[in-house]
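A.B. asks: The structure is given below, and queries will be raised subsequently.
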Amino acid sequence: MRRMKARVIISVLLISVRAVYPQEDKIPGVITEIAEELSEYDTDADAAGEYALRLFELSEKPVRINTADEQELSRLFFLTDFQVKALTDYIRETGTVYTVYEIAAVPGFSASLARMVAPFVSLTDDKQETEKPLRLRNNILTNFTVRHPAADTSAPGGSWKMLARYRFSAGQFSGNITTEKDAGEKLFPGKKPVPDFLSASLLWEGKGFVRKVIVGDFGARYGLGTGINTGLRMGFSLTQTGYLSGGDDIRPYTSTDENLFFRGAAVQLRGGKTGMSIFWSRNRIDASTDTTGNPEQVSIKNFQRTGLHTTASSLASKDAVTETSYGISLTTDIKSLRLNLLWSQNSFSIPVMNNDPSLRELYDFSGRINQIATAGYRYMPGKLLLYGEIAFNSEKRKAFVQGLSFRPSDRLSINMAYSHYDPGFTSFHGKGLFSSSSGDNSRGLFGNFTFEAARHLFLSAGVDLKFHPWLKYRCSAPSYTARRELRLSYLPSERMSFEAVYSQRQSMNDRSESNGVKKQYDFKTSLLKLSFRYLPSENLTLTTRIDRKWVIHSGSGGITMLQDVSWRIRALPATVWFRHCIVRTSDWDSRIYAYENDLVHSFSIPALWGHGSRSYVMVSVKPSEYSDIRIKFAFGNSSGSKEGKNTGELKIQARVRF
Amino acid sequence: MYSLHKISVSVIFIFLFSSASGSDPYFPAAGAVETGMGWSCVMKPGFWSSFHNQALLPFNPSAAAGINYHNRFGISELATKTAAIVVPLENAGLGLIYSHFGYRDLARHSAGLACGLRLSEKISGGIQADFFAEKTAGEYRERRSLSFEAGLHIRLSEQASLGIHVFNPVPETLRHDRLPSSLRVGAGLILSSELKVSAETEMSTEGGPDIRAGFEYDPVRNMSLRGGFSSTGNCFCFGVGYELKPVQIDLGFSTHDRLGISTAVSLIFSFR
């Protein structure tokens, strides 16, 4: 084995062209694809930012693979359970990994996947780490954003947006404080000098029985997430793995979504192969209230999730309700089988009333308390992975997910899953596998495969079919949605890649012109994406991309062509990014989303539509080892722009580490 | 004598399909070589190509001056006259171009000062500052615009190369008048010492994508035959060139599915 390993290392060192991954390129292609896919659904657009944040955090605190156990390796959340297990086995059998290119030799990994993993792993071991003196590390980040034209000129606060974040770590302790002011909000909306959004947490991590203790704001995910998952929804990429590695996780909250987090304390314990997690939270959340139906009883009319407080009504709904949540989770591993149980309860200070509901709202949650119980498993014998979870809430509505993944050979992997979410199954902090943003009212079947058709040539395809037995937003009848995607990737060398993606989306919507009983029509779009990426040198990256979209029912369509140039100037040291994008679409329906590089910990995926262009220039300068400044200027002119013909955006970021 | 109707229809078509960048088939910057190849030249070194992609300027072997006459659809009122000069420097090149389109009642003057630089063994870049002045008879005011364009050239291998060019990536708010913006990307291959092929695509804010392909074949020493296609207007192109040192003369022809044939002739004098 050692000889084989040596051969691998030598051959890799001899033949590999060392690709360079500066900070800006740490967002793997797969993640940007997922982020763009998410943005197709407006309600999920914030999740893209969550993805970016998780990746940046991972790059700042990479996984030390040489000493990592399976739990630690699962922090590489874009890997499948198969890949995590294969990597764990490889490290256990062969010992120290000397170069990340060695990972390409692990079953289930390819050169491109190894490249993707590279920025997020460290080859140093714990021993080296502990030899370093314990010291306090501080990290301060500030973002300032101003847009032209301002979104809402009547808003009470300035049109600029500000984010400030402080993080520290010292040995087993770490903590963070985050504040944010959105455009149009006042910096201090109340009488006290407290910013519109303020979040803080303190984390202690251990390796014994007590693994993690968090006090303050935190996020959590248990099992497949049908009960609790405040982070990323799993299983929405059609041609990627479909199932991201599971495992219970509690983590300090560092995002800026102002409502979907817990505020209190959480503990994660582990003894042998059994783990337990307990959490308690009391958080004030935004909701609009009224007294309809019972003048003596104030009730929640609906929850406000935007986090924007720029109008009288949104200011009135700010922190209007206290939500108390607590729960307990148990996990145990029996050889290849992992079992997990969760019980949790949410209660609100005033009840949610569903008075006089429309037919669509018939199953919406009413009451003060919602309990969820889930039971799940994961079984991985050899090249087969079976997983599932069932959840019930207090209304005895259920969610059920059953999936199957198998890898008949190292070149082929296949995923299939069935999901069932009862109308009325409500989980206020859940994001289950293959759930939609509304979370319930669907029965779905999903399948995909990834096949290494030839050397450097990858073919993948996926289908996601969903049936909605009850009415839903913009559709007053039982309906279905379908997504299909075919992806062809050719990676002839470390420096060059071609990709072609053809995808289709189909859903049923109400006809706007129909009176009385609403009639529906099929809303169907097709999208073809062609991209070419090339690294002519270690300091220069070029990406050319052409997207073509068709909207079948209206006959409208759109096309975009963009060129990205990323150039690292070592002498300064600085990095410059430039993009020029030409857009021509018939209407909003034929809009096209394109990921943009942005400030660290930020994400930008503008919807491109109308006739015009969008460009940006971003410069990152690193005056010292301990600080960097990033400035982005984006501008566009388009007949279809929502804000007007000419738009501009200036973002400035400063980071200091000491 | 051509009817006023045909002239006006042609002008409408030109402005409907063209960008002021000169990269549109019916508003080329210049070059009979480029016309003959269907304007698929963003990666192909050459005297006139240096103004289609300024990153090609360092590839000019010697100082040269050239003139070009492009007669659209055989209508002299729609002709473009261009003059240019290039000066090679060590690992760099400078270029100056002047162009005049139109006639007494509708004229556009454009001038550009370009610079190209070899950034590394494989990569070169270039930039050009542009000035446009449009004059229309009657009560219409004269319009003047300033902008810039820039390009990159990358040698993928001994046989393959890549060209990227952007025109006018400038916020509209910084200028008084609207100018279109365009993006152009292409790749070229040297199949043998006699045959070169190229393909590119361009998208402009004033028109849909234009896909182009072209070839250049040298059957005998000093002589070249060219052909090409551009998807806008289903335009087929062909051309011929002959080099009689220090002079190079080229002819190019392009068809339009509705407006007929355009002719380009250019003369380049090299100062060796």
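A.B. asks: When Lys and Arg each count +1 and Asp and Glu each count -1, what net charge do the other residues less than 12 Å away from A:His611, Cβ to Cβ, add up to?
C.D. replies: Neighbourhood net charge equals +2.
A.B. asks: Another question, then. Counting only other chains, and only Cβ atoms inside 10 Å, what mean value do you get across the residues of B:158-171? Spell out each step's value before the answer.
C.D. replies: On the way: counts 0, 0, 0, 0, 5, 0, 5, 2, 8, 1, 3, 12, 4, 11.
Taking all residues of B:158-171 together, the mean is 4.
A.B. asks: What average count of beta carbons from other chains do you get within 10 Å of the Cβ of residues in A:570-583?
C.D. replies: 3
A.B. asks: Near B:Val240, within a Cβ-to-Cβ distance under 10 Å, what is the net charge of the other residues, with Lys and Arg +1 and Asp and Glu -1?
C.D. replies: Computed value for this residue: 0.
A.B. asks: Over all distinct Cα pairs, what is the inverse of the mean 1/r for region A:321-372, reported as the Kirkwood hydrodynamic radius in Å?
C.D. replies: Numbers: mean 1/r = 0.0735 Å⁻¹.
By the Kirkwood definition, the hydrodynamic radius is 13.6 Å.
A.B. asks: Going down the table (A:Lys61/A:Lys85; A:Lys318/A:Lys645; A:Lys396/A:Lys472; A:Lys431/A:Lys466; A:Lys181/A:Lys318), which pairs top 23 Å between alpha carbons?
C.D. replies: Beyond 23 Å between Cα atoms: A:Lys318/A:Lys645.
A.B. asks: Cα axis of helix B:4-17 to longest principal axis of chain B: angle in degrees, 0 to 90, nearest 10?
C.D. replies: The helix B:4-17 is inclined about 50 degrees to chain B.
A.B. asks: Okay, next question. Find how many whole Å separate the alpha carbon centroid of region B:88-109 from the alpha carbon centroid of region A:55-115.
C.D. replies: Here the two parts' Cα centres lie 57 Å apart.
A.B. asks: Beta carbons within 10 angstrom, averaged per residue: use that to sort the peptides A:204-213, A:259-268, highest first.
C.D. replies: Packing proxy ranking, top to bottom: A:259-268, A:204-213.
A.B. asks: Need the full-extension length gain, A:Lys335 to A:Arg282, defined as separation in residues times 0.36 nm minus the C-alpha distance. One decimal, nm. Before the final figure, lay out each step's value.
C.D. replies: Details: separation 53, 0.36 × 53 = 19.08 nm, distance 3.74 nm.
Between A:Lys335 and A:Arg282, full extension yields 15.3 nm more.
A.B. asks: Between B:Val87 and A:Glu513, what's the calculated FRET efficiency when r is the beta-carbon distance and R0 is 60 Å? Round to 0.05.
C.D. replies: 0.35
A.B. asks: A further question follows. What is the distance in Å between the Cα centres of region A:255-326 and region A:442-465?
C.D. replies: Here the answer is 38 Å between Cα centres.
A.B. asks: Fewest to most neighbouring Cβ within 10 Å: what's the order for A:His309, B:His109, B:His153, A:His429? Please list the in-between numbers first.
C.D. replies: Details: A:His309 27, B:His109 15, B:His153 30, A:His429 24.
Final ranking by Cβ density, sparse to dense: B:His109, A:His429, A:His309, B:His153.
A.B. asks: Over all Cα pairs of region A:535-658, how is the pair count split among 5 Å bins, expressed in % and running from 0 up to the last occupied bin?
C.D. replies: P(r) for region A:535-658, in whole percents per bin: 2, 10, 19, 19, 17, 12, 9, 6, 3, 1, 1, 0.
A.B. asks: While we're looking at this one, here's another question. Report the label-to-label distance for A:Lys192 and B:Tyr242 in nanometres (one decimal), using points 7 Å from each Cα along the Cα→Cβ vector.
C.D. replies: Roughly 9.0 nm, to one decimal.
A.B. asks: Measure out, as a whole number of angstrom, how far apart the alpha-carbon centroids of region B:200-265 and region B:32-84 sit.
C.D. replies: If we compute the Cα centre of each part, the gap is 10 Å.
A.B. asks: How large is the charge dipole for chain A, taken about the Cα centre, if only the Cβ atoms of Lys, Arg (+1) and Asp, Glu (-1) carry charge, to the nearest 20 debye?
C.D. replies: 1140 debye
A.B. asks: While we're here: Across chain B, where is the longest run that never hits GluC sites (Glu not before Pro) in a DSSP loop with at most 16 other C-beta atoms within 10 Å?
C.D. replies: In chain B, the maximal stretch lacking such sites is B:1-89.
A.B. asks: When you look at the Cβ of every residue in A:560-566, what mean number of other chain Cβ atoms sits within 10 Å?
C.D. replies: 4
A.B. asks: Can you compute the helix-only [θ] at 222 nm over chain A? Use -39500 (n - 2.57) per DSSP H run of at least 4 residues, normalise by all residues, nearest 500 deg cm²/dmol.
C.D. replies: That calculation yields -3500 deg cm²/dmol at 222 nm.
All of the numbers you see were taken from the coordinates with simple rules; none came from a lab. Values in this document were obtained by computation on a predicted structure and should not be read as measured data. All Cβ positions, even for glycine, are placed from backbone atoms using ideal geometry, and neighbour counts span all protein chains on display.
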